[in-house]
Every structure is written in structure tokens, then in C-alpha cells.
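The values are calculated or read from the model by the stated rules, or taken from the named source; none is laboratory data. Note that the structure is a prediction, hence the values are computed from the model and not measured. Because the Cβ atoms are built from the backbone with ideal geometry, glycine has one as well, and the counts that use them run over all protein chains shown.
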Amino acid sequence: MSDPENTRALNAMTRAGLTLSESLDPAKEHAFLAAPDISRKRLSRLREMARGQGLTAPRGGAGRGQGRKAADGATGTVPVLVRVTPAQKAKLATLGGSVWMRKAIDEA
């Protein structure tokens, strides 16, 4: 990429309030492409410049708090596998599933 093209791409990025390191972040791609004067080609060139300067894409962290929560808000639970017939599985679902199962065990 020629120096004038570098300058145009960097100026458009700066006017949009974005940084060169953010060009490598996939989550910021929409912000770059929504900015005036930044096309996919310019974004690609900005990414090449960022990598040329030794910048790296951000890595994802631990996904704490993710996943399906218990219907009754139970915490500290562990999974248990129980083999049942298809009819028993349907009945367990109608009785309330894991919420009903925990309550039945607590009352036993």
C-alpha cells in the first residue's frame, strides 16, 4: 500500500475514534465498516499495518457466568446421569424435571 493510502486509511480511522489495535478485533469490525471512508479493503490494509507493527488480536477470556442457569436458581449443583425409559422421561418432564427431582430428594 502506498504512503498516501496509508495516510488516508489512518486518518479515516482516527476521525472515527478507532485505534489501529482495534482493527484486529473481530468485535470492532462493524464499527470500522460503519465509519465513513473505511471500506473492507481499507480495513484489510489497516489490519496489515497493525500486524506489521507487531500488534495482535485480542484473545477471549474465561467464560465465567455463562451457560444455562437452573430454573429454580439452584447453585453449586453437579450433573447426575440417570437411565430411564422414554415414558419415564416424559413423566419427569411433566412433573417439573430437575427442579422437581431436587425437591423430591430433599423431602425424602
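What the table below lists for this structure:
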read-out	value
Subset of the range 50-99 [within 30 Å of Ala9 (Cα to Cα) and either at pLDDT 85 or above or assigned by TED's automatic domain parsing to the domain that holds Thr19 (or both)]	Ala50, Arg51, Gly52, Gln53, Gly54, Leu55, Thr56
So Thr14, is it at pLDDT 90 or above and either of a type in the set (Ser, Thr, Tyr) or touching a Cys at 6+ places or on another chain (Cβ under 6 Å) (or both)	yes
Residue check for Arg102: modelled with pLDDT of 85 or more and of a type in the set (Lys, Arg)	yes
